[in-house]
Amino acid sequence: MRIVLGVGGGIAAYKVASLLRLFTEAGHDVTVIPTEAATRFVGVATWEALSGHPVSNSVFDAVHTVNHVRLGHEAELIVVAPATADLLARAATGQADDLLTNTLLMAGDCPVLMAPAMHTEMWQHPATQANVETLRSRGVTVLEPASGRLTGADSGPGRLPEPEAIFTAAMALAGASAAEAGESGGAAQPDVDAVLAAGPSAAPLAVRALAGLTVTVSAGGTREPLDPVRFLGNRSSGKQGVALAAAALEAGARVRLLAAHMEVPAPAGVEVVQVETALELRKAALHAAADSDVVIMAAAVADFRPADVSGTKIKKRDDVADPVINLVRNPDILRELVEVRDAASRDQLIVGFAAETGDAGGDVLEYARAKLQRKACDLLVVNQVGRDKVFGEDTNSVVILSRDGSEPQEASGSKSDVAAAVIDRISAELSRAVPPA
Ligand SMILES: Cc1cc2nc3c(=O)[nH]c(=O)nc-3n(C[C@H](O)[C@H](O)[C@H](O)COP(=O)(O)O)c2cc1C
């Protein structure tokens, strides 16, 4: 595969030499385009020697080859790492002041992956977040940075994900794009050689079960506003959804995380779409599902929202009666995802989560089976919740129910253990659905 590797002027540029090695050792043909600032961190000689190609950052070098047009047209995948705040801004506003930004504008349908790295303040700045949102809305895959030690003594979100994580995300994106374009005859086939050549990684060096697939996971709890300062929420911490996203990433998938309110950071290497309310989650989920092979709805979504949201803070006054909150029903997102999938005859596995408590009317499994009937999703992961159970805890114990009526499967342990069991079950369901060629 012909890859353009754009390198931004951040301290993490040195780590991209390892990413370049992963690409070349997996047999890809890589042209490196560092920005002017990037060459102050890592010299052109390093990129030329490791890639085996001449390296430039100006459209006025080798003008007879019209480099930016050729590179943009020929690229089958563009990866930008580290994507500096400046590069994100230049790409979002369509600037073309160096070879890399010109190439990005020439790239057409080529999948583009950007791995940002910067100080937390720069990453969280509304300008940077707006640029990221713009790029994502145009189809660019912008990875979430890792959390941890930054350039100085400080730490927080903003670290470049490890080269292996970027490599995996890039291969997953390329596989998903090829499958979308119908180049693999429908089902996405993992690039066996590439995955085997990936070098040390957290996952065993086997062909990863979800390589080439796009997985959307919702996590956390929605917040339904009452007024500008108050909301109705729930106790979900997002830990289980985040563990599922990490397990799907580990399994080689391109992962999109629809993050409602969460108490834990998103795993590095996933694409994050922030949502607040059930209605925002519905919109994001329907949008994301359109190109997802698997949708896992693990977020705790409010069943009801306040009928009226006050534009100003509701005051406590002695001269009027205490306010009464009227609630209206939120849409059933899981059910809607299934309906949209079925109407489009799309090949997609949909997994719901049920947080149930038993009561005098029935036990947890009875309620869960009824829920599976109503929602008609493929798998339902059921956990029993209570004040000290599951929400916010690091462990979980679930039963996986299947629409085909097969034996309920139990899984328990840390939330990562449970996530691994759910992802294993998903890959088993997918391999059953696709007959071997
Ligand atoms: C030591 C040092 C480290 C830097 N690290 C980063 C960084 O990690 N992320 C970032 O966005 N900018 C960083 N910068 C600022 C960029 O180099 C600067 O914004 C530059 O204009 C980026 O140019 P480029 O986007 O064309 O590569 C750093 C600057 C210095 C001097």
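The values are calculated or read from the model by the stated rules, or taken from the named source; none is laboratory data. Here the structure is a predicted model, which means the values were calculated and not measured. Cβ: placed from backbone, ideal geometry, glycine included. Neighbour counts: every protein chain shown.
The set of residues from segment 346-371 being over 21 Å from Ala219 (Cα atoms), in a strand (DSSP E or B) and touching a strand residue (DSSP E or B) at 6+ places or on another chain (Cβ under 8 Å) is empty. Within segment 294-322, residues that are touching a residue at least 12 places away in the same chain (Cβ under 8 Å) reach partners that are aromatic (Phe, Trp, Tyr) and surrounded by 24 or more Cβ atoms within 10 Å (Cβ to Cβ) with beta carbons closer than 6 Å, at six or more positions or on different chains, in the pairs Ala298/Phe353.
Residues of segment 67-89 that are of a type outside the set (Gly, Ala, Ser), within 16 Å of the ligand (Cβ to nearest atom) and touching a residue at least 40 places away in the same chain (Cβ under 8 Å): Ile78, Val79, Val80, Pro82, Thr84, Asp86, Leu87, Leu88.
Can you pull out the residues in segment 129-152 that are modelled with pLDDT under 85 and within 14 Å of the ligand (Cβ to nearest atom)? If the condition is that a residue be modelled with pLDDT under 85 and within 14 Å of the ligand (Cβ to nearest atom), then Gly148, Arg149, Leu150, Thr151, Gly152 are the ones that fit. Among the residues of segment 22-45, those that are assigned to a helix (DSSP H, G or I), away from the ligand (no atom under 16 Å from the Cβ) and without any contact (Cβ under 8 Å) to a residue 60 or more places away in the chain comprise Thr24, Ala45. Where strands (runs of 3 or more DSSP E) fall entirely within segment 245-345, those with at least 3 residues that are within 30 Å of Phe167 (Cα to Cα) are at 254-259, 271-274, 294-297.
Filtered by the rule that a residue be crowded, with 21+ Cβ neighbours inside 10 Å and either within 8 Å of the ligand (Cβ to nearest atom) or closer than 18 Å to Phe60 by Cβ (or both), segment 91-100 gives Asp98, Leu99, Leu100.
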